[in-house]
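Here is the structure we will look at.
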Amino acid sequence: MYGEAGILLLVRNREYYEQERLIEGIIFNIQGYCIHDGPGIRTTVFLKGCPLSCIWCQNPESHSFHPELLFSEEKCTGCGKCVQACPEKAIRLQEKTSQTDRRLCKSAGLCIDACPNEARAAMGRRATVDEVFKEIAADALFYKESGGGVTLSGGEPLAQPGFAAGILKKCRSAGFHTALDTCGYASWATAREVLSHVNLVLFDFKHMNPEIHEKYTGVPNELILQNAEKIHQEMSIPMQARVTLVPGFNDCAENIRATAGFIAEKLSNAVPVHLLSYHRLGEAKWERLDRKNETAAIEVPGERQLAECRRIFESFGLTVIMGG
Amino acid sequence: METPTGKIRRGGFPLCIEKARLITESYRQTEGEPAVIRYAKAFSHMLENMPALIGSDELFVGEGASKPWGAEIDPFLGVWREEEVKAAAAEGIISVEEMDWPMFKELGRYWETRCSEYVQSKLFDERLYKYLQLGVTLPPMRRKDEFRGAYAGSGLCLSFAFTDCYTDFERWLNGLNPIIAEAEEELRNLRFFNLEDVEKKVFLEAMVVALKAVIRLADRYAEAADRLAKREENSRRREELKRIAETCRRVPANRPNSFYQAVQSLWFNQILSAPTSTHNLGRFDQYMYPFYKKDLDEGRIGKEEVLTLLCELRIKCMRPENIKLSSAKRSQHAGFAKWRNMTIGGVTADGKDASNDLTYLVLEAADRLRTSHHTISLRVHDETPEDLLIKALEVVKTGIGMPAMALDKSFIEYLTSGGIPVEDARNYHLAGCVDPAIPGKASFLAGSFFVAPKVLEIFLNNGVDPRTGLEAFSPKHHVEDFKTFEEFYEAFTNILSHFISLWHEHSFLVASYSKEYYDVVEILETAMMQDGIRIGKPLSRRKPVPPFDFRAVMVPVGVINVADSLAAVKTLVFDEKKITMKALKQALAANWEGNQDIRKLCLQAPKYGNDIDYVDSIARELYRFLIEEETKYRTFGRPEHGKIRGIGGASISSMFAGGAIIGATPDGRFAGTTLADGTASPAQGRDTRGPTAMLRSAAKIDQALCASTLLNMKLHPSSLTTREDLKKLGSLIKTYASMGGKWIQFNVVGNEQLLDAQKFPEKYQDLIVRVAGYSAYFVDLGKGVQDDVVRRMEVSI
């Protein structure tokens, strides 16, 4: 009935579908009952790995595309069981606590099993589209009642485009609302493919000046801003602008005005601005990754400063929502 | 409005011996008369002679004790022991007038062998005494002749000193005069051809005496108000006193003319009815609404005035009535008030949303006056308005622990499946903490706690209770010898079944003896049942016992710890064979000391509360087993043909008392530490996959088969910042209801708990802190950031 070519096409489609289901990616968390990442009750999937390295990042475990060891020194009793367990001899005892040489560590995870005090944990796991979807779908009833769904965040979900698109596609066909929280740094072709499965974009604006942006995040911002415009103009996907106010980096009035101007003029003043405050909740994680914590010097913005920023955004005719 | 929290007394309650003295005086004069007449006469004598106290700023009146904020003695339950009173006085909880001591001691001597507790202490033979020492039924008995000290107020045990017949408040508000007339008519029509008729005569006569005594007390309040009004110089207060006098002449004898009068009538009910540590306020927003609506329509009342009255009701509910001063209670509770549950919301008889202005005003009053009593249960159904849920969650956010959410779907399903007509089922309200009640048509006699992990501990020790050294049973097989989990599980459930039968024997004995007591003291309550006069019998002697009866409900404690423990045994000892039963038992006996490796494995085994079928199915199966076993027994009072059954969910503080007598358990719990609270809450800190996963686990338990369940969710105030947050939480509640959940309440953590979380992170693994767009588990934050969260909270609330 289909002819040989038709059958081949069907088989291929099926193969392709199978493959998509089995696409593997790396995530570091799936969090239920997220209430600040879009409408309703949501499950947020955090994809691991990010092309940016913002110095104020509160999810430093999201930077690398590989599983990492998280070590809580306060739980370590210096028993030395991890030292024996490590095949790479990457761990040694120093002043009654274990120290891991991250250059030698191959993330085998044996030290994690060996530690009786749960001082060592793996951050990041590989999972297929299907596996992730199954966890998301478990909350289907909650999405239905609340008008919620799934949000992909990270890390940067656009950095694992096939995986991200696979999850979003499946969620959409299951009737869940889909959102993507992105820094916008990806080729347009990649972004477009992933975004075609998205109901809402949460777009992060970090700084409007390309040099400053590059200095503090590791990448310039031209591509990001171009993508923001294209998402709005070519795809007309509903967007929320997310601005995290980081004192000493993006909080000067000039930058806020530039950000507001960009949103109001290049996008639309119908794009709501979610003004978020820099916070320190993730601070301890830098040390647990044995990385230098440079965020300690950053202050948390005060109420007055947030109010002032809000006023500037509003003067551009934008609607400001404090928080998520 | 100014919130008059200053009026609430928190300690130094004066000991009131007057009530007990008057009762005793009467009892000494009525020896030889029928028990129920003696009680009615004593009740009447007491009301005739108690001072009618009116506070200088009270809008409505009625003092349960002889002194403002007095702590009453209820001699029928037993006079406190001298050492208890002295200890409580030393702690500043009560104050005793020196001149009262001789009378106090005399009362103690008179009632020692006449109170219900004394009778309860004579019931048990060696076999049951051995069982009771184990503590499977709380509290563990220490001496054979010991008073059980057993009611909710003791913080340890619900036993058969706890009863509630569910007053039909519409009937009460309609006035006592019509009920007296009904009783007198019934008496006139009585003919005496059998013993039952004679008993009915005595019972109805006693009822009439008691009802008239209540009216007489109200009259005395009217007289007192008149006297005060004459002397009062402040004209505004004079008018208030005149209003009190006029009102007390009208109610509770007659139907109130206004919302205000209805509140006064209701308060008389609250101080005079239900001789237990708990009473309820029924569906307040329903039975009070006609009075409110009429006043509102006629322009006689505004919302502020209603709120003032509701706040005053809250203050009055803080009074330390009928309390028990056991040391357990002293150490566990700061409050001594009667537990009064007020139900709001829900559906009408035809299934429509029942909420009205009063529903919101009750919540507003709790928001303004954040007292721990009365408590509030909001009935939530599919069509509960979003605004109402948000209003309720705003009150939850204040951290006062109310309202709790009673989920209509599961409750109504439970009631109708027990043969209750749907219109009656839709009219349920909550009594005690979480139990369903039907006004005027049901009564409740709570069973005691059944501490399931104690049974597991004894089972793992091959029949020997490690704490007492008693041999509770001799095992057919040693636990070390089981080859499969199935064998192990079957042997365990056989033992569980054995202990449930002991639990029932104890319950039956106590209930049978307490019957004598309740038949006598519940005459007023019986009159408030819908056909109380026509039948004219004590509740326990009616056949069937009031149409719907919830007697002897077993309240299992720590079932979730057992489920988690069994999952650990299954995976580690049988499935993966990572450890032997022997090694596990050694680790438990050592309270994990030197066995951190084994404990870590146990902790890593699947835990209930994370939507993992492996363990959730064990929890579900255990509950199914308990419900089926419990149903086998027709304990006292259970209607022969009735289908109402199931287990209760009010753990009160049994998770502490139960945990204290149990060693380390295979779920990773340390010896002596608390058990999981409520029937459906995960063990503290063991749910690490967020609220939705926790609710998915809980929904796997067949909650429609349970009389009540309880699930406690910890929330940090940061989850409740905006209206949008509250809306989402409301939607979470509704979804849980649609999945079969029966009860959810929220524990909004305060700084005290955050500090505790810093010290004992294990208990708080589930606590999430949110800032917009970011959330993290509190225990995962660094110390500095934790301190910051604590500091910030001081500012935000």
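Data for the structure
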quantity: Of all accessible heavy-atom area on chain B, the percent that carbon and sulfur account for (1.4 Å); calculated: 50 percent
quantity: Shielding by other protein chains, B:45-55, mean Cβ within 10 Å; calculated: 0
quantity: Binned Cα-Cα distance frequencies in segment A:68-122 - 5 Å width, integer %; calculated: 4, 24, 38, 27, 7
quantity: About the Cα centre, charge dipole magnitude for segment B:443-550 (Lys/Arg +1, Asp/Glu -1 at Cβ), debye; calculated: 540 debye
quantity: Relative contact order %, segment A:68-122, counting alpha carbon pairs below 8 Å whose residues are six or more apart; calculated: 45 percent
quantity: Number of partner chain Cβ atoms within 10 Å, mean per residue of A:133-143; calculated: 4
quantity: Cα principal axis extents for chain A, largest first, Å; calculated: 70, 59, 39
quantity: Estimated vicinal HN-Hα couplings, Hz - segment B:424-440 in sequence order (Karplus 6.51, -1.76, 1.60; Gly, Pro = x); calculated: 5, 4, 5, 9, 5, 10, 9, 9, x, 8, 9, 8, x, 9, 10, x, x
quantity: Highest average packing first - B:339-348, B:242-251, Cβ atoms within 10 Å; calculated: B:339-348, B:242-251
quantity: Theoretical FRET efficiency, 1/(1+(r/R0)^6), r = Cβ-Cβ of residue B:98 and residue B:123, R0 35 Å, to 0.05; calculated: 0.40
quantity: Nearest-ten-degree value, helix B:176-188 long axis tilted from longest Cα axis of chain B; calculated: 80 degrees
quantity: Positive-end residue of A:90, A:111, A:80, charge dipole of segment A:68-122 with Cβ unit charges; calculated: A:90
quantity: Tail fraction, Cα-Cα pairs, chain B, threshold 54 Å, whole percent; calculated: 10 percent
quantity: Modelled label reach - residue B:578, point 7 Å along Cα→Cβ, segment A:109-127 residues with backbone N closer than 15 Å; calculated: A:110-122
quantity: Qualifying lysines (Cα of each under 22 Å from Cα of residue A:170; at least 8 residues distant if same chain); calculated: A:48, A:134, A:144
quantity: Electrostatic dipole magnitude of chain A [Cβ: Lys, Arg +1; Asp, Glu -1; Cα centre; debye, to 20]; calculated: 460 debye
quantity: Charge-dipole axis of segment B:39-112 as Lys and Arg at +1 and Asp and Glu at -1 on Cβ define it, positive-most pick from B:61, B:75, B:85; calculated: B:75
quantity: Chains B and A, summed buried accessible surface - 1.4 Å probe, Å², nearest 100; calculated: 3000 Å²
quantity: Check: the protein assembly as shown dipole with +1 on Lys, Arg Cβ and -1 on Asp, Glu Cβ, in debye; calculated: 900 debye
quantity: Farthest positive-ward along chain B dipole, Cα basis, beta-carbon charges - from B:692, B:785, B:606; calculated: B:785
quantity: Relative contact order of segment B:668-797, pairs being alpha-carbon contacts under 8 Å that are 6 or more residues apart, as %; calculated: 27 percent
quantity: Relative contact order (%) - chain B, alpha-carbon pairs under 8 angstrom, separation at least six; calculated: 14 percent
quantity: FRET efficiency, residue A:130 to residue B:56 (Cβ-Cβ, R0 60 Å, nearest 0.05); calculated: 0.25
quantity: Which listed pairs, of B:242/B:537; B:19/B:242; A:106/B:763, have C-alpha distances above 31 Å, in listed order; calculated: B:242/B:537; A:106/B:763
quantity: Overall Cα dimensions of segment B:366-466, principal axis frame, Å, largest first; calculated: 56, 38, 24
quantity: Gyration tensor (Cα) of the protein assembly as shown, equivalent ellipsoid semi-axes in angstrom; calculated: 58, 36, 27
quantity: Within the protein assembly as shown, helix-based [θ] at 222 nm, where runs of 4 or more DSSP H residues each add -39,500 (n - 2.57), nearest 500; calculated: -13000 deg cm²/dmol
quantity: Alpha-carbon Rg/Rh ratio, for segment B:1-86, with Rh computed the Kirkwood way; calculated: 1.07
quantity: Qualifying lysines (Cα of each under 16 Å from Cα of residue A:81; at least 8 residues distant if same chain); calculated: A:89, A:96, B:600
quantity: Peptide B:682-693, shielding by other chains (average Cβ, 10 Å cutoff); calculated: 3
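The values are calculated or read from the model by the stated rules, or taken from the named source; none is laboratory data. What you see is a predicted model, and the numbers here were worked out from it, not measured in a lab. Positions of Cβ are generated from backbone atoms using ideal geometry, with glycine treated the same way; all protein chains shown enter the neighbour counts. The accessibility values were calculated without ligands, DNA or RNA, using every heavy atom of the protein model including side chains. Shrake-Rupley method; radii C 1.70, N 1.55, O 1.52, S 1.80 Å.
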